[in-house]
Structure formats: structure tokens, C-alpha cells
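The values are calculated or read from the model by the stated rules, or taken from the named source; none is laboratory data. Just so you know, these numbers come straight off a predicted model, no measurement behind them. Heads up: the accessible areas ignore ligands, DNA and RNA and are worked out on the full protein's heavy atoms, side chains in. Shrake-Rupley method; radii C 1.70, N 1.55, O 1.52, S 1.80 Å.
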Amino acid sequence: MRPRRLVPVALAIAGLVAIVIGIHQGLVHVAPGYDGTITTGWGGDLNHEERLLARLALVGVVGAVAARRWRRLAVVPAATGGVVLFYALRAALHYALDPGLYVEVSAYGGPTRLVLGAEPFLLVAGGALLVGAAVVEWRARPDDADGGASAPTPSVR
């Protein structure tokens with residue numbers, strides 16, 4: 001087995017790891033130098049969307065492994081990476097618009113400034129790694145119409 005064939009799988013696994021670490025981080029934090037905490041509506045367990053993102057990343061890894069045999073399945077890590085990228089950008093945009101990031105907002109203990117946490121950055125990195133795994137797998141081999149089942153024909157002189 002050629003080691004280059006494992007590069008897409010390694011990229012997909014790195015994407016899964018980045019996403020799993022990212023969903024355990026905070027989306028928004030209080031900026032350094034400001035007192036305050038952010039109270040969420042849940043007690044620290046992962047919410048439905050975060051569990052869904054982890055499962056999608058796992059499906060992307062399985063798709064990258066299956067794409068080693070069936071090239072057309074390289075679309076699976078690309079699609080799952082796209083969903084993760086969309087979620088991360090949508091969540092960051094939501095907090096950027098309301099109440100606004102990097103602007104002072106009044107809170108119980110005084111003025112507070114909210115900044116993005118590590119979660120959106122890790123999710124974007126994980127989604128990009130999944131898409132990258134699909135692109136590397138798609139470009140790794142020439143187009144096989146029959147899935148590589150036929151042997152090359154010998155040349156006759």
C-alpha cells in the first residue's frame with residue numbers, strides 16, 4: 001500500500017479531531033481585562049447541534065476511507081466539511097450581529113466585551129480539513145470509469 005493513499009484519510013481524521021476538540025470549547029468568551037462570565041442556557045453538556053457536528057465529522061472520515069475504494073464517495077467528506085463550515089460561519093455571524101463582538105455591552109457587573117472563543121476557529125479548521133481530504137482523494141487518481149477493475153491492455157508492435 002502506498003503511503004500517499006492514506007493522506008486523505010489522515011486529513012479527515014485530523015478534521016474529526018479538530019471538530020471534537022472545538023465542540024468542547026466556548027463559542028463566545030469575555031475579553032481579557034474585563035470582569036464577567038457568560039451564562040448559557042445549558043449546564044455544560046453538548047447541545048444537539050454540537051453532537052450532530054461530531055457525528056457528521058465521523059461520517060466524513062468513513063467517507064474518506066470508502067473513497068479509497070470508490071472514488072465517487074469523495075463527495076461525502078466534502079459535503080460534511082461544507083456543513084461544518086456553514087454552521088461555524090452562521091454561529092459566528094449570529095453573535096457578530098447581536099449584540100456585537102468586540103464592542104462593550106452593559107452587564108450586571110459593569111461593561112463587558114465579548115470575543116469569539118476557540119470553537120468557531122477549530123470548526124472552520126476541521127471543516128476545511130474534511131474538504132481538503134475530499135479534494136486530495138479526488139485528484140489522487142485518474143478518472144476510472146469502471147472503478148479500476150479492468151487491467152491495462154498490453155501494447156502490440
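Among the residues making up the stretch 59-99, those that are open to solvent by 80 Å² or more (accessible area, probe 1.4 Å), of a type outside the set (Lys, Arg) and more than 18 Å from the chain's Cα centre (by Cα) are Trp70, His94, Tyr95, Leu97, Asp98.
Tally time: how many residues in the stretch 110-128 are farther than 17 Å from Ala96 by Cα and at pLDDT below 90? Of the residues in that region, 2 qualify.
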